[in-house]
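Chemist: Below: one structure in structure tokens.
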Amino acid sequence: MAHKIPEETLTEIRSRVSIVEVISVYVSLRKAGKNYTGLCPFHEEKTPSFSVNDERGFFHCFGCGEGGNAFTFLCRLEGISFPEAVKRLAAKAGVPLPQEPDGPQAREQDRLYRLTSLAKTYFRYCLLDEQVGAAARRYLDERGIPKEVAERFQLGYAPAGWNGLVRFLTNRRAPMDKAAALGLIGERSGQNERNRPGPQQWYDKFRHRLMFPITDVTGRPVGFGGRLMPDPQRDAGRERPQPKYINSPESALYKKGSLLYGLFQAKEPIRETGRVLVVEGYTDLISLVQRGLRETVAVLGTALTLEQLRLLKRFSTDIYIFFDGDDAGRRAATRAFPLCVEAGLTGRGVFLPQGEDPDSFGQAQGLEGLEELIDTASPLEEFYFTQHAPPPEASAFQRAQAAKAAVAVLSPMTDTLARGALLTQVAQRFGVSEEELRRLRPNRTPQRSAPSPDPQRSRPGSPPSSAELELIQLMLVDRQVVTHVCERNLIPTFQEWGEVAADIAQAWQQAAHTTQAGRASIDIGAFLDRLPKRVADYVSKTLSEEESEERAATQEQLMWDCIGKIQQVQHKSKRVRLQREIREAEQRGDDAGVRQRLEALRALGRS
């Protein structure tokens, strides 16, 4: 559903679905005046600060500032895309969605998902088969992995033969070239009796392996990891042992640096605990989950990436990352801190004893030992500053250089209070002046592998756009602001947000015609998912608060400030245009045109 969803379809879905019903699936709500309140699902709290307005279709948390409508609630809580949230609520409301164009790209992706689903079915069937999967089930029993955990992660088994999956896919008329592109099967050329190339042959890539389906955040299989099963007889005569783990190659579905194993299963436990545990491998994750730590995810055969951290941020900002207790683990922790800073997360390092991994430590120490280890986790900034702080005998120049490097690492932070606290730590640990440190303005390096932002949502930092957004959020909460904006004909001069502003003005006009003038209101939920998150959060907060004279005065002053800024931009644009037209008229020898525009320029200066 990559095509644009008509606004009238979104409006119909919102009108049929109660936001209270949607949120009640995840949050226990109780009536409190005109709103409903409960414990916020986006951060840990003991006193309810989460408010839902059913009549106007929005929510807001006064604790963490999250706000939005039913669509944005599902997007943020489930970590799904906006179209996926629309699909879910449309099905709940019984609203048919426009048929998406069945283009080549959509058909190709559907075929690939069908292939990974078929492969998962085959591997699962082999594990459960009484004879074929006997050795694999015995291995799971020996590792202490219960059936419910194997079922939760849909573990499977790839038999030792060379063409079991090939036959399974062939019988279902699956495209074998696509299966090869996904890394499920390989191809080789056979040879006939004259030693010439024969017909193409396919073979299974995964053989005699415990299979771990890798899914996206919605649970769709996109690839597989295979753990080699022990077989002493087979390995005895091999000169070169097979790799213990092999993973699907990167494909149109599988990007290992952007996915996390087990995240689909961990979403709800992460919300319940408010934290997420990050380990390295599949068996590490399974080991922690079977001991009760269901909020665990695993990286996929690669170092932790910024994309993975940003994905985790949809569910929690409090992450505990397991590191080996050796030099490699310390290097990994050092690399992880700048990534957490850039992602806006609170990272803590869980350092294992020398020679242990989460699986072996969990087997030896159990849940109690794991929890004790997690409780001793130290913030990654402490570890990072300790590793990078200059020695006591360092010169002033060396201390200054080390401090500058630390400040550069902190530069992506947008939380000014947290950044200030960390700068204080740097000053104390590195032996430099905190006052001078705060004066540093390091150049920010480009974000690594940052996703391409929506151009409409990426520019609100410029002065005219900032004023436009300020006015839009005031227009949503106060009809009088709309009146002032329309009287001055400002909307046509908006550089970036004119369409949204025009729709808001039209909505207020329609509301005034259909309701009593003093009680007119608009569908706030229709606009929240069209605005940057910070603006949507502000609007939901303002509407959830009680009216006050102080707030009204502040909003009125803000309105006039924004109108003034936009009018200044408008005047400047007119002045530049008139000056250009004067030059063009002079070149043409149009004296009358020059006089006319000079008069307009003088009139503009008097206004």
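Chemist: Based on the Cβ-Cβ distance of residue 335 and residue 139, what FRET efficiency does E = 1/(1 + (r/R0)^6) give at R0 = 45 Å, to the nearest 0.05?
Modeler: E between residue 335 and residue 139, to the nearest 0.05, is 0.85.
Chemist: What does the extension gain come out to for residue 91 and residue 364, with contour length at 0.36 nm per residue minus their alpha carbon separation?
Modeler: Details: separation 273, 0.36 × 273 = 98.28 nm, distance 4.74 nm.
The residue 91-residue 364 span can extend by a further 93.5 nm.
Chemist: Order of 589-602, 76-89 by packing, highest average Cβ count within 10 Å first?
Modeler: Details: 589-602: 13.4, 76-89: 18.8.
So the peptides 589-602, 76-89, ranked by packing, come out 76-89, 589-602.
Chemist: Report, in cubic angstrom per residue, the convex hull volume of the C-alpha atoms of the range 535-598. Mind dumping the intermediate values first?
Modeler: Values: hull volume 6.1 nm³, N = 64.
It is 95 Å³ per residue.
Chemist: In nanometres, what is the gap between the two model label sites at residue 346 and residue 435, each 7 Å from Cα along Cα-to-Cβ?
Modeler: Spacing of the two 7 Å Cα→Cβ label points: 3.2 nm.
Chemist: Could you calculate the FRET efficiency of residue 573 with residue 595 from 1/(1 + (r/R0)^6), where r is the beta carbon distance between them and R0 is 22 Å, rounded to 0.05? Please list the in-between numbers first.
Modeler: Values: r = 22 Å, r/R0 = 1.00.
Calculated value: 0.50.
Chemist: Another one. Determine the dipole magnitude for the chain: charges of +1 sit on the beta-carbon of Lys and Arg, -1 on that of Asp and Glu, nothing else is charged, the reference point is the Cα centre, and the result goes in debye to the nearest 20.
Modeler: 1740 debye
Chemist: Here's a follow-up. Filter the cross-link list 87/267; 34/541; 147/267; 87/147; 313/533; 46/87 down to pairs whose alpha-carbon distance in this structure exceeds 24 Å.
Modeler: 87/147; 46/87
Chemist: For the range 245-305, what D do you get in µm² per second when you plug the Kirkwood radius from alpha-carbon pairs into Stokes-Einstein at 20 °C and 1.002 mPa s?
Modeler: 178 µm²/s
Chemist: Full extension from residue 64 to residue 8: what is 0.36 nm times the residue separation minus their Cα-Cα distance, to one decimal in nm?
Modeler: Length gained, residue 64 through residue 8: 17.0 nm.
Chemist: Within the chain, what whole-number % of the accessible surface is contributed by carbon and sulfur, with the 1.4 Å probe and all protein chains included in the calculation?
Modeler: Whole-percent figure for carbon plus sulfur exposure: 48.
Chemist: Suppose we keep just the alpha-carbon trace of the range 265-353; what are its Rg and Dmax in angstrom?
Modeler: That works out to 12.1, 34 Å for Rg and Dmax.
Chemist: Another question about this same structure. Spelling out what I want: for every residue of the range 65-75, take phi, set θ = phi - 60°, compute 6.51 cos²θ - 1.76 cosθ + 1.60 (Karplus), and round to whole Hz; glycine and proline get x.
Modeler: x, 5, x, x, 10, 5, 5, 5, 4, 5, 4
Chemist: Apply the Karplus curve 6.51 cos²θ - 1.76 cosθ + 1.60, θ = phi - 60°, to the phi angles in the range 553-560 and return the couplings in whole Hz, x for Gly and Pro.
Modeler: Here the 3J(HN,Hα) series is 5, 5, 5, 5, 4, 4, 4, 5 Hz.
Chemist: Also, I was wondering about something else. How charged is the neighbourhood of residue 65? Take every other residue with its Cβ under 11 Å from the Cβ of residue 65, and add Lys/Arg as +1 and Asp/Glu as -1.
Modeler: Values: positive: 533, 534, 541; negative: 66, 537.
Its environment carries a net charge of +1.
Chemist: Work out, step by step, the length gained on full extension between residue 30 and residue 354: first 0.36 nm times the residue separation, then minus their alpha carbon distance; give nm to one decimal.
Modeler: That pair, residue 30 and residue 354, stretches by 111.6 nm at full extension.
Chemist: Given 10 Å bins starting at zero, what is the percent of C-alpha pairs of the chain in each, up to the one with the largest pair distance?
Modeler: The distribution over the chain is 3, 12, 19, 21, 18, 13, 8, 3, 1, 0, 0, given as percents.
Chemist: Counting C-alpha atoms alone, how compact is the range 332-408: give Rg to one decimal and Dmax as a whole number, in angstrom.
Modeler: Rg, Dmax (Cα atoms, Å): 16.1, 49.
Chemist: For residue 328 and residue 397, FRET efficiency with R0 = 22 Å and r from the beta-carbon atoms, rounded to 0.05?
Modeler: Efficiency computed from Cβ-Cβ geometry: 0.10.
Chemist: Something else about it: Report, largest value first, the span of the C-alpha coordinates of the range 14-152 along each principal axis, in whole Å.
Modeler: 63, 45, 23
The values are calculated or read from the model by the stated rules, or taken from the named source; none is laboratory data. None of these values were measured; they are calculated from a predicted model. Positions of Cβ are backbone-derived with ideal geometry, glycine not excepted, and every protein chain shown enters the neighbour counts. Please note that ligands, DNA and RNA were not included when accessible areas were found on the heavy atoms of the full protein model with its side chains. Shrake-Rupley method; radii C 1.70, N 1.55, O 1.52, S 1.80 Å.
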